[in-house]
Amino acid sequence: MLLSSVSSFQIIISERGANRFPITPKLEVILKEWVKPVQFLMTVGWYVALSLIIPVGIGYWLDRPGMLNKSPLFTLIGLGIGTVIAFAGLIRMLIRYQAEQEKFRKNRQNHEQSS
């Protein structure tokens, strides 16, 4: 099944065709629970990739014969700097994500207890 948003309706494309139905609060909660971790993982992936690629690229550029001509030196320095930046950012993101998830769980437990 393929889900795609259309204004206040959700379209489910199946073998029988397209059926429309309003998004219920329960479905909205399920979608929010599923989307948050995927969004987080994509953000982490891009952050780590760019944190490594940019410093290594600058190091490689500095290692060219026309620049400083110190072949692997600045590329390796860029890799080290990128690794430190990636791990520091990853730890910050994980701490923030864990706090958000804990807050979400507490809100859900309070909501379930009050119902």
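A few notes on this one:
- If you filter region 46-67 down to residues that are of a type outside the set (A, V, I, L, M, F, W, C) and not in a helix (DSSP H, G or I), you find that the one that is modelled with the highest pLDDT is Asp63.
- Only a single criterion out of (1) modelled with pLDDT under 85; (2) more than 19 Å from the chain's Cα centre (by Cα) is not satisfied by Asn107, namely (1).
- Any pair with Cβ under 9 angstrom, 6 or more apart, that starts in region 19-47 at a residue that is aliphatic (A, V, I, L, M) and ends at one that is modelled with pLDDT of 70 or more: Ile23/Leu31; Val29/Arg108; Val44/Gly89; Val44/Leu90; Val44/Met93; Val44/Leu94; Val44/Tyr97
- Restricting region 68-84 to residues that are modelled with pLDDT of 90 or more and hydroxyl-bearing (Ser, Thr, Tyr), the residue that is surrounded by the fewest Cβ atoms within 10 Å (Cβ to Cβ): Thr83
- Test: Val35 is surrounded by fewer than 11 Cβ atoms within 10 Å (Cβ to Cβ), in a helix (DSSP H, G or I) and within 12 Å of the chain's Cα centre (by Cα): yes
- In region 69-90, the residues that are touching a residue at least 40 places away in the same chain (Cβ under 8 Å) reach residues that are of a type in the set (A, V, I, L, M, F, W, C) and part of a helix (DSSP H, G or I) with C-beta atoms within less than 8 angstrom, at least six apart or across chains, in these pairs: Gly89/Val48; Leu90/Val44; Leu90/Val48.
The values are calculated or read from the model by the stated rules, or taken from the named source; none is laboratory data. From a predicted model like this one, the values you see are computed outputs, not experimental measurements. Positions of Cβ are generated from backbone atoms using ideal geometry, with glycine treated the same way; all protein chains shown enter the neighbour counts.
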